[in-house]
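Colleague: This is the structure, below, for whatever I ask next.
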Amino acid sequence: MLLHWQALMENEKQQCLKMSEKEKFVYFLLLQYRSPYGWGKENPVTADCSGSVCLALMMATGLSIRTTADGLLKKFFTIRNPGKDLLQAAFFITRTDKRHGSRIAKKGEAVHVAGLIGDNVIFNAVEPYAEIRTLESVKLEYGFKGCDTVIRGLDMQALKIAHRDGTDLFGLDAELEQFMTKEAS
């Protein structure tokens, strides 16, 4: 017996059409589960923390951006006390200037982001691979590293404007194109 992949993928497509944007956001985060961490990447095979969120946003909304954790916090996930229906992310913000990789992160900068996939549950893209964690466990971990944690909801209008204007495409992963199909003119 052979598996008919085209029929399977058509069923997957039909299921996605029935989902809300929030359900799609969670779904596309979860599709990245256990994928290896890839700094500066945002494709289905490998991504960093902000790349995993940007990819899930693009797949859920059809709107493309690519920015850092700090860019996501300061421009797109700006809604405080978001309702359950909004796309949400957890941000880990440094309390002081501190080394972050090969650079110095300034006080108040988001140095990590994770998409919320449920109550107190996040999708966390870190080395060596993406995992599902409780928000509290990651909050504690980053607290020891000198970070505060905030939850913010997505400002859809800001996302639409950036997509329309083609802004906020910081370091767009060239490998992402291999997963995309070009629309017929």
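Colleague: Go ahead and run the numbers for FRET between Glu12 and Thr134, Cβ-Cβ distance against an R0 of 25 Å, rounding to 0.05.
Modeller: 0.30
Colleague: State whether the range 20-172 is rounded, prolate or oblate according to the following rule on the C-alpha gyration tensor (a ≥ b ≥ c being the square roots of its eigenvalues): a/c under 1.5 gives rounded; otherwise a/b larger than b/c gives prolate, and the remaining case gives oblate.
Modeller: rounded
Colleague: Give the span of the range 24-67's Cα atoms along each principal axis, as three whole-Å numbers ordered largest to smallest.
Modeller: Projected onto the principal axes, the Cα atoms of the range 24-67 cover 24, 20, 12 Å.
Colleague: List the lysines whose alpha-carbon lies under 21 Å from that of Lys18, not counting same-chain residues fewer than 8 positions away?
Modeller: Lys84
Colleague: Would you please classify the overall shape of the range 37-98 from the alpha carbon gyration tensor, given that a ≥ b ≥ c denote the square roots of the eigenvalues, rounded means a/c under 1.5, and beyond that prolate means a/b larger than b/c while oblate covers the rest?
Modeller: It is oblate, given that a/c is not under 1.5 and a/b is not larger than b/c.
Colleague: Same structure, new question: Report, for the range 20-172, the % of DSSP beta bridges that are antiparallel, rounded to 5.
Modeller: 95 percent
Colleague: Which three extents, in angstrom, do the Cα atoms of the range 78-151 have along their principal axes, listed largest first?
Modeller: 35, 29, 18
Colleague: Run down the lysines and flag those whose C-alpha is under 16 Å from the C-alpha of Lys98, throwing out any fewer than 8 positions away in its chain.
Modeller: Correct list for Lys98: Lys106, Lys107, Lys145.
Colleague: Which length gain, in nm to one decimal place, applies between Glu21 and Thr96 when the Cα-Cα distance is subtracted from 0.36 nm times their residue separation?
Modeller: Roughly 23.5 nm would be gained on extension.
Each value in this text was obtained by applying a stated rule to the coordinates, not by laboratory testing. Since the structure is predicted, the reported quantities are computational estimates derived from the model, not experimental observations. Counting neighbours? That spans all protein chains shown, and the Cβs are built from the backbone with ideal geometry, glycine included.
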